[in-house]
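The next block holds one structure in the form of structure tokens; read it before the comments.
The values are calculated or read from the model by the stated rules, or taken from the named source; none is laboratory data. The structure displayed is predicted, hence computed values, not measured ones. A quick note on method: Cβ atoms are made from the backbone with ideal geometry, for glycine too, and the neighbour counts reach across all protein chains shown.
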Amino acid sequence: MKKKTVLTVGNFDGVHRGHQKLIQEAIRISIRESIIPKVVVLEPHSKEFLKEKMSEISRITKFKDKAILIKSFGIKDIIRLNFNKNLAMTDENKFIKEVLVKRFKMKHLVIGCDFRFGKNKKGNAISVKEMGEKYDFKVTVVNPILFENKKISSSEIRALIKNNDFERNKKLLGHSLCISGYVHYGQRRGREIGFPTANIKIHKNLVFSGVYMTRTIIDGEVYYGISNIGSRPTFNGKYRLLENHIFLFSGDLYGKFINIEIVKFIREERKFF
């Protein structure tokens with residue numbers, strides 16, 4: 001028999017300080033009520049699936065990086081819930097009853113005050129409390145975290161990344177902006193022009209684009225470098241890639257999982273020749 005759970009649900013793009021508050025509350029409740037804390041991550045983002053305005057669907061973090069961050073804040077169990085046509089057409093009552101209560105054994109739900117869910121986002125904090133009485137689960141509504149009297153949001157963080165304001169961004173996130181992945185074999189053209197790189201495929205909608213100063217930890221050692229994030233215009237790239245030239249490092253990284261911290265914007269992506 002599955003154990004009862006306390007859930008918090010959302011996209012968690014960036015896993016910023018507001019998301020962290022939800023996670024911390026779920027953990028506190030799990031200890032108090034002896035139930036399992038879990039985070040339900042909707043993937044892809046509903047706007048990506050529904051193909052809304054491209055300017056609004058740039059993502060801060062791919063799912064793997066969300067999972068790494070969420071686990072770092074104390075959650076062991078992450079549920080990746082596929083946002084598809086069926087889920088998009090599921091009304092708020094059915095989503096709570098069939099998905100959260102029946103499938104995930106929810107006994108407590110932690111949400112933000114602006115939580116919206118179900119078909120056409122008709123469900124909200126008020127209606128979910130009514131459903132809690134009906135389906136026997138508790139609801140905790142968490143107030144937003146404010147920074148300079150403004151609610152911290154993924155939308156503002158995306159805008160700050162596009163404006164290259166990484167100092168303010170770190171204050172909103174509560175952690176560094178990172179991109180992780182397995183280093184894979186590319187065309188090795190960087191070696192031909194004197195800049196060997198560690199290449200990582202990235203999500204097509206990742207908000208980053210350009211050349212950045214980066215920091216990479218390899219076997220416990222910190223290395224600085226320069227990363228190009230984009231479609232590789234020098235070689236007419238057809239997919240998005242992070243190409244990381246690591247200073248003072250000469251080892252073999254192929255197949256190794258690395259985490260790259262974005263430190264500072266340098267310039268827009270452009271052809272070398």
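With the structure loaded, tell me whether residue 243 is modelled with pLDDT under 95, surrounded by 13 or more Cβ atoms within 10 Å (Cβ to Cβ) and of a type in the set (Asp, Glu) or whether it fails that test. Can you show your working first?
Values: modelled with pLDDT under 95: yes; surrounded by 13 or more Cβ atoms within 10 Å (Cβ to Cβ): yes; of a type in the set (Asp, Glu): yes.
Taking the combined requirement at face value, the residue satisfies it.
For residues that are buried (at least 16 other Cβ atoms within 10 Å of the Cβ), aliphatic (A, V, I, L, M) and more than 14 Å from residue 141 (Cα to Cα), tally how many sit in region 83-127.
Residues that pass the stated criteria total 6.
Which condition from (1) more than 20 Å from residue 38 (Cα to Cα); (2) in contact with a helix residue (DSSP H, G or I) (Cβ under 6 Å, 6 or more places away or on another chain) is the one that residue 148 breaks?
The number of the failed condition is (2).
Among the listed residues 266, 193, identify the single one that is modelled with pLDDT under 90 and surrounded by fewer than 16 Cβ atoms within 10 Å (Cβ to Cβ). Steps first, please.
Numbers: 266 fails: modelled with pLDDT under 90.
Within the list 266, 193, the selection yields 193.
Specify which of the listed residues (59, 80, 17) is farther than 26 Å from residue 138 by Cα, of a type outside the set (Ser, Thr, Tyr) and either crowded, with 17+ Cβ neighbours inside 10 Å or in contact with a helix residue (DSSP H, G or I) (Cβ under 8 Å, 6 or more places away or on another chain) (or both). Give the steps one after another, and end with the answer.
Details: 80 fails: farther than 26 Å from residue 138 by Cα; 17 fails: farther than 26 Å from residue 138 by Cα.
The match here is 59.
On the given criteria, is residue 22 hydrophobic (A, V, I, L, M, F, W, C) and more than 21 Å from residue 177 (Cα to Cα)? I'd like the intermediate steps shown before the answer.
Numbers: hydrophobic (A, V, I, L, M, F, W, C): yes; more than 21 Å from residue 177 (Cα to Cα): no.
Here the answer is no, as residue 22 does not meet what is asked.
Are any residues in region 145-154 touching a residue at least 24 places away in the same chain (Cβ under 8 Å) and either among the charged types (D, E, K, R) or within 14 Å of residue 61 (Cβ to Cβ) (or both), and if so, which ones?
Initial filter on region 145-154 (touching a residue at least 24 places away in the same chain (Cβ under 8 Å)): 145, 147, 151-154.
Selection gives 151, 154.
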